[in-house]
1. Return the sequence-ordered ³J(HN,Hα) values of the range B:280-295 in whole Hz as given by the Karplus equation 6.51 cos²θ - 1.76 cosθ + 1.60 applied to θ = phi - 60°, using x for Gly and Pro.
2. Work out the FRET efficiency for B:Asp89 and A:Lys366 from their Cβ-Cβ distance, taking R0 = 60 Å, and round it to the nearest 0.05.
3. Hey, rough spin-label estimate for B:Glu52 and A:Thr383, points 7 angstrom out along Cα→Cβ, what's it come to in nanometres?
4. Taking amide hydrogens as modeled 1.01 Å from N in the peptide plane, which residues meet the under 5 Å criterion relative to B:Tyr172, leaving out close sequence neighbours?
5. Mind listing the phi-derived Karplus ³J(HN,Hα) values for the range B:152-167, rounded to whole Hz, using 6.51, -1.76 and 1.60 with θ = phi - 60°, and x for any glycine or proline?
6. Using a Förster distance of 25 angstrom, determine the FRET efficiency expected from the C-beta separation of B:Ile230 and B:Asp313, and round it to 0.05.
7. Let me see the pair-distance distribution of the range B:90-312: every alpha carbon pair, 5 Å bin width, integer percents in order.
8. Counting only protein heavy atoms and using a 1.4 Å probe, what share of the accessible area of the range B:2-76 belongs to carbon plus sulfur, as a whole percent?
Amino acid sequence: MILRTFFAAVAVFFLAIGLVLMPLADAQAAKRGGKLIYMIPSKGAKSLDGHKETSFATVHPTAPFYSLLIQVDPLVPGAKKLKGEIAKSWKISADNLTYTFKIRRGVKFHNGTPMTSRDVLATWNKLVFPPKGVLSARKQMFSMVKSISAPDDYTIVFKLKFASPALIWAMAMPFNYIYSADILEKDMHYYEKNIMGTGPFKFVEYVPRVRIKGERFKDYFVAGRPYLDAIEGIFASKQSVYVAALESGRIHSMFRGLPPAAVEDLLRIKGSALTVQRSVWNCALNVTPNSYKKPFDDVRVRRALSLALDRWGGSGYLSKRAIVKTVGGAVFPGHPLAPSRAQLESLEGYSRDIKASRAKARRLLKEAGIPKGFKFTFRNRTTDQPYKVVGIWLLDQWRQIGLNVKQEVLPTSKFWDSLRRPKNRMTDASAYVVSMDFNCQAVVNPTLDVSKYVSYSGSNYTKIEDTVIDDLFDRQLREPDFDKQKALLWKFQQRLTSQARTFSTLWWQRAVVHSSKMKNWNITPSHYLNMGLVDVWLDQ
Amino acid sequence: MYRYLIRRFLLMIPTLFFVTVIVFILMRMIPGDVVVMKLVGEGADVTEEQIEIERENLGLNRSYPVQFLDWAWGALKFDFGKSMLTGDDVSRDIKIALPASLQIAIMATLLSIVLAIPLGTWAALRQDTWVDYCVRIFSIAGLATPSFWLGMMMIIGILIITDSQWAPPFDYIPIWEDPWYNLSMLIWPALATGYRYSAVAMRMTRSTVLEVLREDYIRTARAKGLLERIVINRHALTNAMLPVVTVIGMEFAFLVGGLVVTEQVFNIAGLGNLFVDSVIQKDYMVVQALVLLVAFVIVFMNFMIDILYAWLDPRISYA
């Protein structure tokens, strides 16, 4: 008995030692040095200010220069966990109305000045309460915040008007860079053209539309990080360019994602020299009929459009050609708050029995007085992946219920102009009839996913006030109980589907190809995340 | 002569003015909104009020004549304003884009001259022989092959030849910073565009040399017993060069701002790319400045061609 206890104790001891040393072993395996070269699949950033911008074209080149208060843990696959970056820890009060963050000591800006809660306060005031003339693209996400204060140099307190589980994830948005209070005091627009943060890399050079360069910040607050000596991001808008660059080894990665055919080609040619990581992408491709225009003011016609789509079948074959795959509703598929598979299949347009769905669609069209061969124009964006590919699929799906649809492809500026048209001009001849639409979020958060559909959202292009939707959104936003929030979100989904003012087609599928020499980078469901590159190293 | 040159130079001003007026009007007739492009991006939740504020900040709520005069006054002082999309100085955008486009244009022009004049002349001198047929096939192929397609084939060819171990660089570095890196990137677009360019000039050289060789003065020169080399170089070629110079000059002007797809294939942030992006995004300030620049290059090249005419052909006098 004593012997058994002794051996058990020894085993536990070695197991404990092993567990302690395991991360160290990993850290030892990591190699220091090298320059990571990646492509940013864009023609350039409109500005360098993350607070103002919504595009990956700003995040991919600038994220390595900044830190966030809290972040989506870059080392946990699936973007499922949050961790503090500038925040050492945080505490939420029992009533969920006060969030207190303790801030790390010893954090420095790249100009050598120490970072304190004053900088965090100035940053978050700019994000939540931007002064007139200063744009904060995600201000609406922080509507629950009443005040922000900094009681001492290393504490920051957020007081809320109402409790909301959405806040903490919204705070981890990769755009919420910590800026210097001194700089913001002098010029609120400084960061649109300049870079100066506390991130793992220090800014070296930015040539608009060409490249951005950074070097390791020696005073970065995490000891031993970053591993890389330097980074360089190259702007390139053509797929053929970044495929050739990956194939020849000119770059280590392009972090946005590649279509299936390009992925397969690269893997076939380069074999183990390249690695592919895949994930569901937190972007839904939607269809939005113009509810102000006949015959789409009739809910039966809108429902028929959704019923015609063979989402399950389309997922199978479209995923081989386009960056779409997952069947889902308004909430990110697979999230605990998303509808279950059975729930989803019970929704109109999501049934696996496509024949029955299309028969119903034809019946609805007949009831609404829509003749066979009815013509309308579907407006789409002039971007191949996934817009035009899915657009062609949609045309064929609607043909199968007797509709004759023409696709009109617009350049991005015209496309946005068409979607954003004011409510009072939705009946104009030039207003869209049925349009492609999409919903991309930077973090996985159901509240953010569904925020697009509320009446007061700027990205709700239906321009319809639906008080039922607004009420459900508001209730789930304030609901701290998980099961109740899930039930509210399910009702939200049912309401969306029954009205069919806008509906999902398929969710995107992300596949990132990178050099096998690039280590310690995990794919996430969002192409906005994991661009800090702090843990990435090169095996060379 | 000088009075003519000054008069020609001054005529450039109304030409450029009318070009900018037309572009100013056309740009405002195209549907789309630069402010929406700027603020909405990938579907940002922006209110109509924020859009109005930005429109006011950019001066888009002012009347068109006021907007134009404001811009024209700045342009007179070489201040082309700021990009409506990025807020960057337009001059800086051009400064970044111009060197690459200019370098490709110069390299392609040199390639064209080096190929077109000797081969075109040789083909004319050996009319209807295998030399002529080869040169004609080579030039017709050049005319029929789009530069961007040739560029793509070059990249694919390089990847195949090097077993996917090498491709041209895809980020532009000026030649004065790293000549080898720069040339290893730009030689390919220069070859791709220079080939088509040389094909045009080659056919022109061949046909004009053929025409000149039938002139009386060539027969006279030969009858005088001049060496064939002198007849060709001094009498035939010099006279045949007038239309060739025109073609080369006009092609050069086109190359400076017109290599849109080739620039995209090789990922060159040149003027052609900047031009198209700005038109798509309705970035008025950038488009207006670029049109002015390209129009200036074209008008200036015409001016230079006129001067070259007088130099090449002593019979031409601008007195």
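The values are calculated or read from the model by the stated rules, or taken from the named source; none is laboratory data. No experiment lies behind these values; they were computed from the predicted model shown. A quick note on method: Cβ atoms are made from the backbone with ideal geometry, for glycine too, and the neighbour counts reach across all protein chains shown. The accessibility values were calculated without ligands, DNA or RNA, using every heavy atom of the protein model including side chains. Shrake-Rupley method; radii C 1.70, N 1.55, O 1.52, S 1.80 Å.
1. After applying 6.51 cos²θ - 1.76 cosθ + 1.60, I find 4, 8, 6, 7, 3, 4, 5, 4, 4, 5, 5, 4, 4, 5, 5, 4 Hz.
2. Numbers: r = 61 Å, r/R0 = 1.01.
That gives a FRET efficiency of 0.50.
3. 2.9 nm
4. Placed amide hydrogens put B:Ala269 under 5 Å from B:Tyr172.
5. Here the 3J(HN,Hα) series is 5, 5, 4, 5, 4, x, 4, 5, 5, 4, 8, 6, 6, 9, 8, 9 Hz.
6. Working: r = 18 Å, r/R0 = 0.71.
In this case the efficiency is close to 0.90.
7. Answer for the range B:90-312: a P(r) of 1, 7, 13, 15, 16, 14, 12, 9, 6, 4, 2, 1, 0, 0 percent.
8. Numbers: 3110 of 4390 Å².
Carbon plus sulfur share of accessible area: 71 percent.
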